[in-house]
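Here is the structure we will look at, set down as structure tokens.
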Amino acid sequence: MKCLAFLLGLALCSAADRRVAITIDDLPRGGDGGPRDYESLRTMTEKLLAPFKEQKIPVIGFVNEGKIPAPELRKILDLWLDAGADLGNHTYSHPNFFTTPLEQFEKEVIDGEPVTRAALAARGKKLEYFRHPFLNVGPNLETRQAFEKFLLSRGYRVAPVTLDNSDYMFALVYSDPALKARIVHDYVPYLNTIAQFFEQRANEVTGHDIPQILLIHASQLNADQMPQILAMFRARGYSFITLEEALRDPAYDLTDTYAGRGGFSWIHHWAITKKMKFKTYEANEPQWVHDEYVKLQKSP
């Protein structure tokens, strides 16, 4: 069923039309420059997870084990598991595969396993999914394929992304108290334009509506705005599914031979592999967000 109306700029569709798996990267915290002491992380994590727990919405978090000491990390990961979430590996220290030698990148995967694997095992679960930092799948196809063979040998499945976006920019700018209100005003509408773009592009590339996979980061912004994010997706006609359910769609078995400097949506991977005519990428973040992000990155 097609969208029937618009409310507050959000398309209203049948709830049966669209599905999305929500994935959250850089656990225990990433992108917003916020504090990493245990109490701050606990408070942020509990707020981030509350809507998922209360509404019984599936979610998976991808962990960088090198960000905080193992005992504190384990307690944070237990909060995720208590909320019903799944966990995946996002490497130990979040290197970029494009500039990291294969052997070193493989070690990042192994070093990023112990705490997450133990936390999952204590609940009778296994560590199954890997998410590439920066969504970079490797500098060339040969290296990409060698790494994916390594992942298979360790029991991993790659966790792709379709709804890619710049939430990390909004998250860092949100850390400036003077800009919080402006970020709140612009953030969820921006995510709405991302969803709108990739819904159309997925149809053009795959020939059908696909279950989408959203990437956002563990940040104070997303902790504060998660109820509004979920409401936006519901207004667009989405129901929430697991990553495993999303990957059952045949689109995720399409041939994908992309490799190179860029890291972006798998919908772009498939289009590049098919040699489809270039189409402007998804909506950029507002210029003012980009400019403030660059300023904050340069700040001491």
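The values are calculated or read from the model by the stated rules, or taken from the named source; none is laboratory data. None of these values were measured; they are calculated from a predicted model. Glycine gets a Cβ as well: all are built from the backbone with ideal geometry, and neighbour counts include every protein chain shown.
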Filter region 126-152 for residues that are within 14 Å of residue 263 (Cβ to Cβ), assigned to a loop (DSSP other than H, G, I, E, B) and out of contact with any His (no Cβ under 6 Å at 6 or more places or on another chain) and give the result.
132, 136, 137, 138, 139
Determine whether residue 34 is closer than 19 Å to residue 225 by Cβ, in a loop (DSSP other than H, G, I, E, B) and over 16 Å from the mean Cα position of the chain (by Cα).
yes
Going through region 218-228 one residue at a time, which ones are over 13 Å from residue 174 (Cα atoms), surrounded by 21 or more Cβ atoms within 10 Å (Cβ to Cβ) and out of contact with any Lys or Arg (no Cβ under 6 Å at 6 or more places or on another chain)?
226
What is the one condition in (1) of a type outside the set (Asp, Glu); (2) part of a loop (DSSP other than H, G, I, E, B); (3) in contact with a Gly (Cβ under 6 Å, 6 or more places away or on another chain) that residue 171 does not satisfy?
(2)
Just give me the residues in region 153-168 being among the basic types (Lys, Arg) and part of a helix (DSSP H, G or I), in sequence order.
none
Find the residue count for region 249-282, including only residues that are more than 15 Å from residue 202 (Cβ to Cβ) and touching a residue at least 12 places away in the same chain (Cβ under 8 Å).
8
Which residues, counting only those in region 67-125, are touching a Leu at 6+ places or on another chain (Cβ under 6 Å), assigned to a loop (DSSP other than H, G, I, E, B) and farther than 13 Å from residue 45 by Cβ?
123
If we keep just the residues of region 54-66 that are touching a Gly at 6+ places or on another chain (Cβ under 8 Å) and assigned to a helix (DSSP H, G or I), which is surrounded by the most Cβ atoms within 10 Å (Cβ to Cβ)?
65
Say we look at region 78-98 and pick out the residues that are touching a residue at least 40 places away in the same chain (Cβ under 8 Å) and more than 18 Å from the chain's Cα centre (by Cα); which of these is surrounded by the most Cβ atoms within 10 Å (Cβ to Cβ)?
98
For region 174-217, name all the residues that are surrounded by fewer than 19 Cβ atoms within 10 Å (Cβ to Cβ), in a loop (DSSP other than H, G, I, E, B) and under 17 Å from the mean Cα position of the chain (by Cα).
none
Filter region 265-293 down to the residues that are in a loop (DSSP other than H, G, I, E, B) and crowded, with 18+ Cβ neighbours inside 10 Å and list them by number.
265, 282, 285, 286
Test residue 164 against the criterion of being within 27 Å of residue 231 (Cβ to Cβ), at pLDDT 95 or above and of a type in the set (D, E, K, R), and give yes or no.
yes
For region 68-77, state whether one or more residues are within 30 Å of residue 139 (Cβ to Cβ) and under 19 Å from the mean Cα position of the chain (by Cα).
no
Of (1) of a type outside the set (A, V, I, L, M, F, W, C); (2) farther than 17 Å from residue 58 by Cα; (3) within 15 Å of the chain's Cα centre (by Cα), residue 291 satisfies every one except (3)
Would you confirm whether any residue within region 149-156 is surrounded by 14 or more Cβ atoms within 10 Å (Cβ to Cβ) and more than 20 Å from the chain's Cα centre (by Cα)?
yes
